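Asker: Here's a structure for you.
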Amino acid sequence: MRALELTLVRHGETAWNAIRRIQGSIDIELNSTGQTQAAAIGQALAQRHLQSHAQGPDQRSRGAERFHRLISSDQTRAAQTAAAIAQATGLELTLDPELRERRYGLFEGQGYDEIETRWPADWARWQARDPAWGPPEGETLGGFNARVCAWLDRIAGAVESSARGAGAPSLESLELNEPLRVIAVTHGGVLDMAFRHAAGLTLDAPRRHQTLNAARNVLRFERGVWNVLVWADTEHLTQPADDL
């Protein structure tokens, strides 16, 4: 059966990321650091993508990957990051609102210390990772997780859809045993839910996995099972641009 490899990228840094202020559904642009990060992840993925096109299947170097689709949250910080990837790789960009960050209601625009002071009971339930709880006027953790998992189910179904001619590219365009490779640019909360889904972690389990800006994270779906292949890879952010 055809496998799916999903490369998840959190958007580059914003001014509110830098000061730990909740963004949620508020549309924030990348800051200068975030723009640099977006260019770096774009170049890193393009290097893998273009190496794959330049070499035949028997000569491809380690790390060469032919990507087939690029999808992004339509929130500005993610779309700007995805635009840098699109420019570097030549992939067509599709925006999907289902990849938006969790809605944090009245918490949006607040710093963590402010939230703990103004809403101590809500803060406690948030830190306990109560699936039934959501910020005032916001999205519950359970509801948010259901949204992300539904999206993962839908993108996994793209392999079967391609076989029926309903998606792009068709499976006929893929080489034997080549997985369908999709890049999705999204947000920290979405990455957390996706990692938990693939790793079999419950929603209330402590979060020990990182969701770093502009890192490369790869999940694989095969025979009905998700697995984590790569997580929080930031090597491209520590190399000089000329080395990417």
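Asker: In what sequence do V225, V185 fall when counting other Cβ within 10 Å, fewest first?
Answerer: Result, fewest neighbours first: V225, V185.
Asker: Give me the net charge of N217's neighbourhood, meaning all other residues with Cβ under 15 Å from the Cβ of N217; Lys, Arg count +1, Asp, Glu -1.
Answerer: Computed value for this residue: +3.
Asker: Further, regarding this structure: What does the charge count near G189 come to, summing +1 for each Lys or Arg and -1 for each Asp or Glu among other residues with Cβ under 14 Å from its Cβ?
Answerer: Result for the local shell: +4.
Asker: Let me ask something else about it. Show me 107-117, 132-142, 186-196, 214-224 ranked by packing, highest mean number of other Cβ atoms within 10 Å first.
Answerer: The peptides rank, most packed first, as 186-196, 214-224, 132-142, 107-117.
Asker: Shifting gears a bit: Once you keep just the Cα pairs under 8 angstrom separated by 6 or more residues, what percentage relative contact order results for the stretch 4-243?
Answerer: RCO, the stretch 4-243: 30 percent.
Asker: I would also like to ask the following. What ³J(HN,Hα) values, in whole Hz, does the Karplus curve 6.51 cos²θ - 1.76 cosθ + 1.60 give for the stretch 123-133 when θ = phi - 60°, with x put for Gly and Pro?
Answerer: 4, 5, 5, 5, 5, 7, 6, 6, x, 7, 9
Asker: Related question: Grab the eigenvalues of the alpha-carbon gyration tensor for the stretch 4-243, scale each by 5, take roots, and send me the semi-axes largest first in whole angstrom.
Answerer: 32, 21, 15
Asker: Restricting to DSSP H runs of at least four residues, report the calculated mean residue ellipticity at 222 nm for the chain, -39500 (n - 2.57) per run over all residues, nearest 500 deg cm²/dmol.
Answerer: Value at 222 nm, helices only, nearest 500: -11500 deg cm²/dmol.
Asker: Separate question: Determine the sum of side-chain charges near T76: Lys and Arg each +1, Asp and Glu each -1, restricted to other residues whose C-beta is under 12 angstrom from that of T76.
Answerer: Taking every Cβ under 12 Å from that of T76, the sum is -2.
Asker: Can you tell me the order of 119-131, 13-25, 31-43 when each peptide is scored by its average per-residue count of other Cβ atoms within 10 angstrom, highest first?
Answerer: Per-residue mean Cβ counts within 10 Å order the peptides as 31-43, 13-25, 119-131.
Asker: Between L229 and L95, 0.36 nm times their residue separation minus their Cα-Cα distance comes to what?
Answerer: The L229-L95 span can extend by a further 45.8 nm.
Asker: Report the FRET efficiency, 1/(1 + (r/R0)^6), for M1 and W133, where r is their Cβ-Cβ distance and R0 is 51 Å, rounded to 0.05.
Answerer: With R0 = 51 Å, the Cβ-Cβ based efficiency is 0.85.
Asker: Still on this structure, I have one more. Mind checking the dipole of the stretch 80-123: about its Cα centre, +1 per Lys or Arg Cβ, -1 per Asp or Glu Cβ, Debye to the nearest 20?
Answerer: It works out to roughly 80 debye.
We did not get these values from a lab; they are worked out from the coordinates using the rules stated. Keep in mind that what you see is a predicted model, and the values were worked out from it rather than measured. Neighbour counts run over all protein chains shown; Cβ positions are idealised from the backbone, glycine included.
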